[in-house]
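J.: This structure is in structure tokens; I'll ask about it shortly.
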2 protein chains.
Amino acid sequence: MSQATQSDSNKSTKITIVGGGLVGSLAALHLGKRGYEVHLYEYRDDIRKSQLVAGRSINLALSARGRRALTEVGLEDVLLDHGIPMRGRMLHDIKGRTTFVPYDRNTNQCIYSVGRKHLNEILLTATENYPNVHLHFNHKLMTAKLKHGELNFVNPNTRETFQVNTDLVIGCDGAYSAIRKHMLQHHGFDYSQTYIEHGYIELCIPSNNNEFAMPPNYLHIWPRGKFMMIALPNQDKTWTVTLFMPFKNFEKLKSSQDILLFFEEHFADAVPLIGERRLIEDFAKTKPQHLVSVKCHPYHIDAKVLLMGDAAHAMVPFFGQGMNAGFEDCTLLSQILDKYGDDFKAALSEFSETRWENAHTICDLAMYNYIEMRDLVTRLSFRIRKSVDDFLFWIMPTKWMPLYNSVSFSHMPYKKCLENRKWQDNILNRTIATLTGTLIATLVYGCFVYIKNSSII
Amino acid sequence: MSQATQSDSNKSTKITIVGGGLVGSLAALHLGKRGYEVHLYEYRDDIRKSQLVAGRSINLALSARGRRALTEVGLEDVLLDHGIPMRGRMLHDIKGRTTFVPYDRNTNQCIYSVGRKHLNEILLTATENYPNVHLHFNHKLMTAKLKHGELNFVNPNTRETFQVNTDLVIGCDGAYSAIRKHMLQHHGFDYSQTYIEHGYIELCIPSNNNEFAMPPNYLHIWPRGKFMMIALPNQDKTWTVTLFMPFKNFEKLKSSQDILLFFEEHFADAVPLIGERRLIEDFAKTKPQHLVSVKCHPYHIDAKVLLMGDAAHAMVPFFGQGMNAGFEDCTLLSQILDKYGDDFKAALSEFSETRWENAHTICDLAMYNYIEMRDLVTRLSFRIRKSVDDFLFWIMPTKWMPLYNSVSFSHMPYKKCLENRKWQDNILNRTIATLTGTLIATLVYGCFVYIKNSSII
């Protein structure tokens, strides 16, 4: 209760959050903590009462940005108790041999595998600390007059309709956001959605005598060039396995035999862990899901609407930053509200301008990281570069932070992370050119001296 | 009638076109000519009975691609009778001095200024030649189940609702397409909308004793670096004048005095032509309009939906290709239907794959051409390059077609036009480098000979 009344300035602003997923519920906590009257509308039933939701990824990688936003509402410890640390990538080659590639060789920082459902439950339950935060489940948005703060919901079960009038609408309703769809019609709203030609299916490696069937503290990757499989550990000692592959390759796997042959050829070491029967059954009953990248700008309309999380910047999952970027939105909004108080017009405008380039950058980096994960990690040139990066980071920890580390283990704006990477590339390229030049000159001189001493000249 | 029954193969396919603007009515003609049952739904009243529609550009530039598509339905002559040829750009400098820059110095090809309303009326009237084409005005799309071919319309005046069931929906409903909005929800539909930070307002130069107040056979441009004004001639001897400028500059012009001072400073020669009072009145009552560029892909869903014209590829108006590209869509669809007959599944897929890269290219070129029109045209380097292009085009008319000419006066795919420009740039850059090198070498040699002859060495 002390938190809820922390700020007692004019908090008459009524905030309506659409979407009770991870970012929606964390935003409710951040805004509830500031003392606003917050109403959160979620079209599904309360996740705390329901079974696992199909078609969404089961676990996620929590890193520094997400952790900070949780800490700000007093939740880091609770989550670290439930997260499984992953210290680096465990690469599985075609013969099943594994190689460990740490994320952070110098300070051993790691990312955490957390369950989506579990995390969502913790966040929703935490809102109970704030009597000014109200949760409304089974409310599906039907129509909206955003500029008038009017939203119309329907209960999908009873078909009962509800009208809501609010000062500010925050769309936290994910990659296929209904709030964003309404914003699309507003002049000046830039938007892009890009699907990649790869889809994914989720499989499962069960626990083995109540133990993990593989070493748990790693993100396991089977990089196969044009496609890949990954596995993240769950609290119950199972693994969530995700196969990413072009849709056209999925289409070729029609029969049980096709599936089994494909896995035996590319992921032979995983087959006994998943189990042949379960593999075939799970694969056959799942349709490959699409992966979309969404960029837009601005994220707000006047002081009336704001987009956060995937609704503002959905990304492909290959940098593990989707949730973290959404959580960081909450941190940023809090920082900006500290600066502007209740002046939402100024605050939302600054939010858009501060955030959009960083969000676009992490969307691009996530796209790039798919190539790194499925292909580059297996190359010698990549490993040499990583060793050089790790060494330079070790001797210059404040100056030379490698891209993965700045993205995952710092709060550096994403755009700055990429800029850093670019000047690092420049320096290395120039150094290589100089070294190559020096080497050639030395060799030529060496030959000359040798020939001279041999009295040929 | 002979046209309507030209193809008497199985034409049981019912086609519903949404949008009765330029592309919608031309598409109805093309498909009507092929013998399909075509229903065209337009949310406005019949333009032939109504006043000029506000908020849309009044006249347009018709060039080769548009002309071909009109010729294919027997309409070129009708239109050329009503179009006003524009042989090139007439640049107005800050002192009111004019320079003529022809579009095609060698063969004198020109573009035609045509009135949107007039052209739309001709197209709609021409559909009366096809008893299999049915026009439905005052039908506004409310909801759609695209995959089921179910559309629901409402009459905005009577509020009466209509359900339409159809085999194929063609969305020709413009840059803010309702059909496309429904496609946005389909997985795999890539989409982007980008607004530029410049807006536009339309003004008018009245006729002078029933004559044009400026030489009529040109597209007049007042290029001013960061902004520009253009004027296109109308049949009634008036000019439609369009001012393109950053929104922030529009915002600065609040009072009548601001407006007049601004025009006196930048477009002094146009002020007496527009008339001070009319200028101030028209400027004050008009809100600057937004300019949007839309790209998407694919343009179809199965054999059920297709986007054409601005609905598929809205572009900024600076290459004068918006309507022409939309009309070329009709040509392309006809060519593809010639190949596939009634196999719409194959035909629509080929339409998307053939068209999207070309459409994206012309969207980009239109964006680039704003910089050319408002700024580059005034630069010496631009004029030298244009002279070189014109000369090379003159001696190699099939090999060296400049970009503007290939876009406006040929049917070359837009992507190929841009590729041509790129290799032309390459050759010119290399030639300049070689010439510069030769010149420097000659100078150095000259100096050396001079010094030697002067017996300094």
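The values are calculated or read from the model by the stated rules, or taken from the named source; none is laboratory data. Please read all numbers here as calculations on a predicted model, not as lab measurements. Cβ placement follows ideal geometry from the backbone for every residue including glycine, while neighbour counts extend to all protein chains displayed. Side chains included, ligands, DNA and RNA excluded: accessible areas come from the protein's heavy atoms. Shrake-Rupley method; radii C 1.70, N 1.55, O 1.52, S 1.80 Å.
J.: Can you tell me which residue is modelled with the highest pLDDT among those in segment B:62-74 that are assigned to a loop (DSSP other than H, G, I, E, B) and either surrounded by fewer than 19 Cβ atoms within 10 Å (Cβ to Cβ) or among the basic types (Lys, Arg) (or both)?
T.: Only one residue tops the list, namely B:Glu72.
J.: Restricting attention to segment B:193-211, which residues are crowded, with 17+ Cβ neighbours inside 10 Å and more than 30 Å from B:Arg180 (Cα to Cα)?
T.: B:Leu203, B:Cys204, B:Ile205
J.: Continuing with the same structure: What are the pairs with Cβ atoms under 9 angstrom where one residue, in segment A:287-302, is more than 10 Å from chain B (Cβ to nearest Cβ) and more than 18 Å from A:Gly188 (Cβ to Cβ) and the other, located anywhere, is among the hydroxyl-bearing types (Ser, Thr, Tyr) and open to solvent by less than 40 Å² (accessible area, probe 1.4 Å)? Sequence gap at least six, or different chains.
T.: Cβ pairs passing all conditions: A:Pro288/A:Tyr200.
J.: Identify all residues within segment B:31-49 that are open to solvent by 10 Å² or more (accessible area, probe 1.4 Å) and not in a loop (DSSP other than H, G, I, E, B); write none if there are none.
T.: Matches in segment B:31-49: B:Lys33, B:Glu37, B:His39, B:Tyr41.
J.: Take A:Asn132 and decide whether it is touching a residue at least 12 places away in the same chain (Cβ under 8 Å) and open to solvent by 70 Å² or more (accessible area, probe 1.4 Å).
T.: no
J.: Kindly establish whether B:Leu80 is among the hydrophobic types (A, V, I, L, M, F, W, C), open to solvent by 20 Å² or more (accessible area, probe 1.4 Å) and either within 30 Å of B:Lys14 (Cβ to Cβ) or touching a helix residue (DSSP H, G or I) at 6+ places or on another chain (Cβ under 9 Å) (or both).
T.: In short, yes.
J.: Across segment A:102-114, what is the total count of residues that are open to solvent by less than 30 Å² (accessible area, probe 1.4 Å) and either assigned to a strand (DSSP E or B) or more than 30 Å from A:Arg383 (Cα to Cα) (or both)?
T.: 4
J.: Hey, another quick one. When you look at A:Phe263, is it touching a residue at least 12 places away in the same chain (Cβ under 8 Å), assigned to a helix (DSSP H, G or I) and within 14 Å of chain B (Cβ to nearest Cβ), yes or no?
T.: Judged against the criteria, A:Phe263 is not a match.
J.: Is at least one residue of segment A:84-93 touching a helix residue (DSSP H, G or I) at 6+ places or on another chain (Cβ under 7 Å), loosely packed, with under 15 Cβ neighbours inside 10 Å and outside the structural domain of A:Asp236 (by TED's automatic domain parsing)?
T.: Checking segment A:84-93: not a single residue is touching a helix residue (DSSP H, G or I) at 6+ places or on another chain (Cβ under 7 Å), loosely packed, with under 15 Cβ neighbours inside 10 Å and outside the structural domain of A:Asp236 (by TED's automatic domain parsing).
J.: Another question, if that's okay. Here is a list of conditions, (1) within 26 Å of B:Asn106 (Cα to Cα); (2) modelled with pLDDT under 95; (3) not β-branched (Val, Ile, Thr), and B:His411 meets all of them except one; can you say which number that is?
T.: Checking B:His411 against (1) within 26 Å of B:Asn106 (Cα to Cα); (2) modelled with pLDDT under 95; (3) not β-branched (Val, Ile, Thr), the one that fails is (2).
J.: Out of all the residues in segment B:139-155, which are in a helix (DSSP H, G or I) and open to solvent by 70 Å² or more (accessible area, probe 1.4 Å)?
T.: Matches in segment B:139-155: B:Lys147, B:His148.
J.: Of the conditions (1) in contact with a Ser or Thr (Cβ under 9 Å, 6 or more places away or on another chain); (2) buried (at least 18 other Cβ atoms within 10 Å of the Cβ); (3) aliphatic (A, V, I, L, M), A:Met367 clears all except one; give me its number.
T.: (2)
J.: While we're here: Kindly provide the set of residues from segment A:227-260 that are polar (S, T, N, Q), in a strand (DSSP E or B) and either without any contact (Cβ under 8 Å) to a residue 12 or more places away in the chain or touching a Phe, Trp or Tyr at 6+ places or on another chain (Cβ under 9 Å) (or both), ordered by number.
T.: Answer for segment A:227-260, where residues must be polar (S, T, N, Q), in a strand (DSSP E or B) and either without any contact (Cβ under 8 Å) to a residue 12 or more places away in the chain or touching a Phe, Trp or Tyr at 6+ places or on another chain (Cβ under 9 Å) (or both): just A:Thr242.
J.: So in segment B:402-427, with the set limited to residues that are hydrophobic (A, V, I, L, M, F, W, C) and under 20 Å from the mean Cα position of the chain (by Cα), which one is surrounded by the fewest Cβ atoms within 10 Å (Cβ to Cβ)?
T.: Out of the qualifying residues, it is B:Met412.
J.: Please identify the pairs in which a residue from segment B:367-378 that is on the phi > 0 side of the Ramachandran plot has its Cβ atom under 9 Å from the Cβ atom of a residue that is crowded, with 17+ Cβ neighbours inside 10 Å and part of a helix (DSSP H, G or I), counting only partners at least 6 apart or on another chain.
T.: That search, which allows pairs on different chains as well, returns nothing.
J.: So which residues in segment A:178-189 are touching a His at 6+ places or on another chain (Cβ under 7 Å) and open to solvent by less than 40 Å² (accessible area, probe 1.4 Å)?
T.: Within segment A:178-189, A:Gly188 is the sole residue that qualifies.
J.: Given the criteria farther than 20 Å from A:Val18 by Cα, in the same structural domain as A:Leu168 (by TED's automatic domain parsing) and open to solvent by less than 50 Å² (accessible area, probe 1.4 Å), does A:Gly309 qualify?
T.: So A:Gly309 fails the test.
J.: Any chance you could count how many residues in segment A:156-214 are over 22 Å from the mean Cα position of the chain (by Cα), in a strand (DSSP E or B) and either small (Gly, Ala, Ser) or more than 10 Å from chain B (Cβ to nearest Cβ) (or both)?
T.: The qualifying residues number 10.
J.: For segment B:163-177, which residues satisfy the criterion of being open to solvent by less than 60 Å² (accessible area, probe 1.4 Å) and not small (Gly, Ala, Ser)?
T.: B:Val164, B:Thr166, B:Leu168, B:Val169, B:Ile170, B:Cys172, B:Asp173, listed by residue number.
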